[in-house]
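Some notes on the structure that comes next.
The values are calculated or read from the model by the stated rules, or taken from the named source; none is laboratory data. Source: prediction; values computed, not measured. Backbone-built Cβ (ideal geometry, glycine too); neighbour counts: all protein chains shown. Ligands, DNA and RNA are excluded from the accessible area calculation, which covers all protein heavy atoms including side chains. Shrake-Rupley method; radii C 1.70, N 1.55, O 1.52, S 1.80 Å.
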Amino acid sequence: MRYFPQRLLALASLLTAADAMATAPGIFFDDFHYADTTALVAGGWKIRDQQGHPGIEHGHWGPGTVSLVDDPQAGGQRLLRMSARTDGTAEGTYQAQLCHQRKYFEGTYAARIRFTDAPLQGPGGDLVVEAFYTSSPLKHDFDPQYSELDWEYLPNGGWGNPHSRLYSVSWQTVQMEPWNAFNQVHEEQRALGGWHTVLMQVGGGKIRYFLDGVQLDEHGGRNYPAQPMSINFNLWFSPSGVLPDTRVERRYEQDLAWVMHAKDQLLSPAQVDAAVGAYRHSGVHHVDTVAAMAPPLPSNCDF
C-alpha cells in the first residue's frame, strides 16, 4: 500500500496517540483479541456460570455460551461471540453473560455490538434481550445505593410492546418481587439488527446516551449512579415472552468488537472512534489503567 506524505504523518500521529493512551491513567479498552476463553478470563473478564436473575428461572449460564472468533470483515481482528439457546424449558436454556471488575463510575462508556434480529436456528419470536450495561449489586429491595445503566435491545418486542426496540435505562432502585422499578427510560422503536456503537457519558449529574454518534436522550437526578459499577454484557430470554407452543430449540448470537471506558472524561463519539482507531492501527488490543477500588469491590457476575 502506498502512503502519500500527509497520510504517513496522519498514521504516525495515530500511533503516537495510541502509545500515549496505552499508558495514560483511567483508560480501559479491549477488542477481544484472545485465542480462547482461558485467555479472556486471564485478561480480567468473568464468564457467568451461576443461576439467578435475569432470564428463565433455573436456566443455565454457560458453559459454551462465550467464544472468540475471527472477524470475517476485518482481517487479523477477533470478535467475542455470545450465544444463547432455549427450548422453553429451564433444562434446555443456556444464557450468556460476561463481566469485568467493579471499579467504573463517571466518565465515558462505549461498545461496538452486533445485534441480531432473528435466531440462527428455530422459529423467531422469543422475548430475547441483547444487552451492554454497568451495574452494582442490589443488596436488598429498594436499595438506595443500587446503580445500573443499560442498553437493552429487544428484537422481538415484549414487556407490553410488540415492536423491535432499543432501551436506554438509568436506574434509581428496584424491588424484584413483586416487581416495582424506579428508573428513567428512552425507547428507540425500530429494528437494529447489525453493527452499532452505543455510548454513555456519565458526569455532572447527567447520563447522555448516544447511538451511532447521535444523542438519543439525557437522564439524571435520582437516576444518576451512586457507586462504582462493573461493565457487563449479556444475552438472555425473558420468561414472560417464551414461545408457548414449541419445544424446538432456538439459538441467538450477539457479537462484540470492542469496549472502552475513559474515567472522568466525557468523550464525544468521534473522540472514542479516533481512540479505538488509534489502538487498532498500532496493534494495541488491551489497555487497563483504571485503578481498582481499595479494597477491591467484588464483581459476582450473577445479576
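A compact table of results
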{"quantity": "Size of charge dipole - the range 125-250 - debye, nearest 20, with Cβ of Lys, Arg +1 and Asp, Glu -1, no other charges", "calculated": "180 debye"}
{"quantity": "Correct choice for Rg and Dmax of the Cα atoms in Å that was computed from the model, options (1) 19.2, 65; (2) 21.1, 69; (3) 19.0, 61", "calculated": "(1)"}
{"quantity": "Principal-axis tilt of helix 269-281 within the chain, Cα atoms, nearest 10 degrees", "calculated": "70 degrees"}
{"quantity": "Rounded percent of accessible protein surface that carbon and sulfur make up, the chain, 1.4 Å probe", "calculated": "53 percent"}
{"quantity": "Formal net charge of residues neighbouring E249 (Cβ-Cβ distance under 9 Å; K, R +1; D, E -1)", "calculated": "+3"}
{"quantity": "Alpha-carbon centroid distance for the pair the range 81-96 / the range 242-303, whole angstrom", "calculated": "22 Å"}
{"quantity": "Largest-first principal axis extents of the Cα set of the range 153-303 (Å)", "calculated": "51, 36, 31"}
{"quantity": "Estimated distance in nm for a label pair at Q51 and D70, the labels positioned 7 Å out from Cα along Cα-to-Cβ", "calculated": "4.0 nm"}
{"quantity": "Cα extents of the range 31-153 along the three principal axes, largest first (Å)", "calculated": "46, 37, 26"}
{"quantity": "For the range 136-177: relative contact order, % (alpha-carbon pairs under 8 angstrom, 6 or more apart)", "calculated": "44 percent"}
{"quantity": "Karplus-derived 3J(HN,Hα), 6.51/-1.76/1.60, for each residue of the range 58-64, Hz, glycine and proline x", "calculated": "6, x, 8, 10, x, x, x"}
{"quantity": "Accessible solvent surface per residue of the chain, calculated while the other protein chains remain in place, 1.4 angstrom probe, Å²", "calculated": "44 Å²"}
{"quantity": "C-alpha long axis of helix 5-23 to longest principal axis of the chain, angle in °", "calculated": "60 degrees"}
{"quantity": "Other-chain or far-sequence residues with amide H under 5 Å of I207's (modelled H)", "calculated": "H219, G220"}
